[in-house]
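As structure tokens, the structure follows; a few thoughts come after it.
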Amino acid sequence: MYLQSFFVLTLCASAAFCDVRTGKISNAFALAGICTGLCLSLSGTVPAAAGDAVLPAPPASLAALAPGTHILSLTGLPGSILGAGIPLLFGFPLFHIRALGAGDVKLLMAVGSIIGSNAILPFLMACIVCGAAIALPILIAGRDRKARFHFSIPILMAAMLYAGGLIH
């Protein structure tokens, strides 16, 4: 959990900084996040998807031959892939109607790859709540509705909630 939190916070903070500064989220952030999530899933750090069959532990003789080494585990791979696919499923229609940018969808896919399928839906809900908390006062104040809204900021806020243990 701590390793995932570190990577999610680092990824989201870097992407938010880049988004606010340049107005775009680089594809490098999405690629790095998805690769990190897949590597973490192979190391057994990303939880398996709900309902997945857990592979049996390696025989004790293999562990005795290579003490202190990790054997690659495929149990977390479906959770990581589903974690990246769920934001794509929800984000693509929002991108299509121009409610969300492509960089935001790719960033959410990268986060989903890191935290897995079990935590991505609560994470997405936290993003929506944080985005509403930012946008509502702006709308009430009567600011320009065409003003640019960087959704990477609510994603970063949700990442902070995840790292703090408030999202499971």
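The values are calculated or read from the model by the stated rules, or taken from the named source; none is laboratory data. Nothing here was measured: the structure is a model prediction, and the numbers come from that model. We place every Cβ from the backbone using ideal geometry, glycine too, and count neighbours over all the protein chains shown.
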Pairs please, first residue from segment 89-115 and in contact (Cβ under 8 Å) with a residue 60 or more places away in the chain, second anywhere and charged (D, E, K, R) and surrounded by 19 or more Cβ atoms within 10 Å (Cβ to Cβ), Cβ atoms under 9 Å, 6+ apart in sequence or on different chains. 101/19; 103/19; 104/19; 107/19
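Does residue 79 fit the bill of being farther than 22 Å from residue 42 by Cβ and assigned to a helix (DSSP H, G or I)? Don't jump to the end; show me each part of the working.
Working: farther than 22 Å from residue 42 by Cβ: no; assigned to a helix (DSSP H, G or I): yes.
Criteria not met by residue 79.
Please state which one of 120, 81 is under 21 Å from residue 10 (Cα atoms), surrounded by fewer than 21 Cβ atoms within 10 Å (Cβ to Cβ), at pLDDT 90 or above and not aromatic (Phe, Trp, Tyr). It would help to see each step written out before you state the result.
Numbers: 120 fails: surrounded by fewer than 21 Cβ atoms within 10 Å (Cβ to Cβ).
Criteria check complete, one pass: 81.
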So residue 12, is it at pLDDT 85 or above and surrounded by fewer than 20 Cβ atoms within 10 Å (Cβ to Cβ): no
